[in-house]
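The values are calculated or read from the model by the stated rules, or taken from the named source; none is laboratory data. What you see is a predicted model, and the numbers here were worked out from it, not measured in a lab. Ideal geometry is used to build each Cβ from the backbone, glycine not excepted, and the neighbour counts take in all protein chains shown. Surface accessibility is based on the protein's heavy atoms, side chains included, excluding ligands, DNA and RNA. Shrake-Rupley method; radii C 1.70, N 1.55, O 1.52, S 1.80 Å.
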Amino acid sequence: MGNRGMEELIPLVNKLQDAFSSIGQSCHLDLPQIAVVGGQSAGKSSVLENFVGRDFLPRGSGIVTRRPLILQLIFSKTEYAEFLHCKSKKFTDFDEVRQEIEAETDRVTGTNKGISPVPINLRVYSPHVLNLTLIDLPGITKVPVGDQPPDIEYQIKEMIQQFISRESSLILAVTPANMDLANSDALKLAKEVDPQGLRTIGVITKLDLMDEGTDARDVLENKLLPLRRGYIGVVNRSQKDIEGKKDIRAALAAERKFFLSHPAYRHMADRMGTPHLQKTLNQQLTNHIRESLPALRSKLQSQLLSLEKEVEEYKNFRPDDPTRKTKALLQMVQQFGVDFEKRIEGSGDQVDTLELSGGARINRIFHERFPFELVKMEFDEKDLRREISYAIKNIHGVRTGLFTPDLAFEAIVKKQVVKLKEPCLKCVDLVIQELISTVRQCTSKVTGFLSSYPRLREETERIVTTYIREREGRTKDQILLLIDIEQSYINTNHEDFIGFANAQQRSTQLNKKRAIPNQVIRRGWLTINNISLMKGGSKEYWFVLTAESLSWYKDEEEKEKKYMLPLDNLKIRDVEKGFMSNKHVYAIFNTEQRNVYKDLRQIELACDSQEDVDSWKASFLRAGVYPEKDQVRSYPACNLTLRNSSHRYTCPHAK
Ligand code: GDP
Ligand code: MG
């Protein structure tokens, strides 16, 4: 091999193998290994025994190998074996090894000859082996044998596939020479998972059993069914040799003699036989591990990171220790508190880039949604004018008035002030909704402790939600009180009271855009609903709303801009929900009768819910795009409304 350190690679992977076996399913890594596949009696066990130079594998008719055997061969001065499932015991008698494999197989599969994919881990230390990790798999069966359940053929195939489909596995496909290569079960199965034959190594057994005058030269020269890693021929002991207890050492000598003396194989005798196979596998596995190392390393690293994160969360966390129970409970509740605060108050770490946090959503309710609800309050100008005139007349009574009495003004304004109740209460409802869903998010956080204690979680949610509900009541009372206060006395001397003369001017000022021009007010998907079928029909775009314009793009990347519509002279109107559609639609149009987009007088934008529509309309309002029915600005009685929509909720009496 030349490369120093390379011979350490296989033992290194062996260590990883043990580590992963001992921690079970929670961690998994596909380690580079060699999976041995072949039909029943192809000679798989014989090949493995020849490597070790010992008889240690179960033999017999039917399906003998019923669990995968992960066999780690380790070069060592002394010879012994050990199992991962009874690590303390050193086996020096290989008959005992065989008995233990049989017993351990039955322990998991039961004695009724079932199969199981749970591997047995065996390690053999020996001066005769080269470092290697091989998996002996059940033989591919063709017909159900004896008392096997009929679906066993399928089960075995699936188990083998599970092992060989991993890119990390090399496949040792064992085929007996006395059968047609094209019918080889091993090669057929290998081809399914490795169609180009990149990680398959061919082994041809039973070369001694071929009919007189035939040979496997073409196959072994990699000419018949070429594999990138080629074929190696071997001669194992025959059944008669085994019964006659032929020594493996003698068998290896006989094998060597066979290749050297056979006219078809003589020229490539140094590339045939068990010792060469063993050496080749050792080299190929080592190289394969070296190639897999970078990927292995990064997978390990990412598993390590996620484990470390988990460990961090369990630090000081021993819920089963009675002295720590209270502490653990407190920690969880405290963590919940911290999480909740982060979501509402905002924080620097772990900023969610996928959706708005509770706090940001509440901000939107205050600064977009609430002003929108205020503007949405319907003012019917005619009604209002009539009411005013009646109020004035009623106040004058039988007299004919000279001046517009303050009383009339007050009566009208008070009526308007009462209308604030509904949007204010709705604002509270929206904020409460947001708080409660934030509580849920905090308790159900996947990595949080609370998720593992459903009853504690339920109780925490209940207590916090009850508290929020209680505060909701108080908040609403307070708001109603404030409105009552506003209503009971109109302080026309207050600096915030703008008076009739300034009203007109002020309201136009207020209408001017407040947001910074390029500041993005909102982004999101919307469907343009009214593009005719001829032009492609309705389509979803990614919309970006700023205080100056509405742009739409192909997608969130915002690279491919479709159009930019300046917001000047735009307004919003509602659109009847289509009969067949489950979308909710609003439209944007130009107040000066111009087309807004191509030949369209208005673009209709569709959302999935009315809630979305309202929320978008609120964002538009913030950008200065008002709902159509907007007589509001020209009417003095409504100045109060506008004052509120500029986010100054000051009560003149409170100062
Ligand atoms: P497995 O089912 O694939 O594990 O096959 P085994 O290794 O148990 O071998 C099945 C039978 O074939 C045994 O009786 C072996 O002695 C015999 N056998 C295996 N390889 C050879 C070989 O190369 N030459 C001869 N003559 N017999 C072999
Ligand atoms: Mg076998």
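Taking the highest mean first, how do the peptides 473-484, 615-626 order by number of other beta carbon atoms within 10 angstrom per residue?
615-626, 473-484
Answer with one residue from Gln278, Ile232, Gly244: the one whose Cα lies farthest towards the positive end of the charge dipole of the stretch 218-299, charges on Cβ with Lys, Arg +1 and Asp, Glu -1.
Gln278
In nanometres, what is the gap between the two model label sites at Thr109 and Glu312, each 7 Å from Cα along Cα-to-Cβ?
Placing both labels 7 Å beyond Cα along the Cβ direction yields 4.6 nm.
Charges only on Cβ, +1 for Lys and Arg, -1 for Asp and Glu: so what's the dipole of the stretch 14-136 about the Cα centre, in debye to the nearest 20?
In debye, rounded to 20, the stretch 14-136 gives about 120.
Would you please give the FRET efficiency between Met377 and Ser444, computed as 1/(1 + (r/R0)^6) with r the Cβ-Cβ distance and R0 = 45 Å, to the nearest 0.05?
0.75
Of all accessible surface on the stretch 66-213 at a 1.4 Å probe, what whole percent is carbon and sulfur?
Details: 3390 of 6690 Å².
C and S fraction of accessible area: 51 percent.
For the stretch 147-213, what is the accessible area per residue in Å², given a 1.4 Å probe and the full set of protein chains? Intermediate results must be reported in sequence, preceding the final value.
Details: 3130 Å² over 67 residues.
I get 47 Å² per residue for this part.
Out of the stretch 556-585, which trypsin sites (Lys or Arg not before Pro) are coil in DSSP terms and have no more than 10 other C-beta atoms within 10 Å?
For trypsin sites (Lys or Arg not before Pro) across the stretch 556-585 that sit outside H, G, I, E and B with at most 10 neighbouring Cβ atoms in 10 Å, the list reads Lys559.
Exactly which chymotrypsin sites (Phe, Trp or Tyr not before Pro) in the stretch 248-315 are in a DSSP loop and have at most 12 other Cβ atoms within 10 Å?
none
Mind ranking 207-214, 184-191 by how tightly packed they are, going by the mean number of other C-beta atoms within 10 angstrom, highest first?
Details: 207-214: 11.8, 184-191: 21.6.
Answer by packing, highest mean first, reads 184-191, 207-214.
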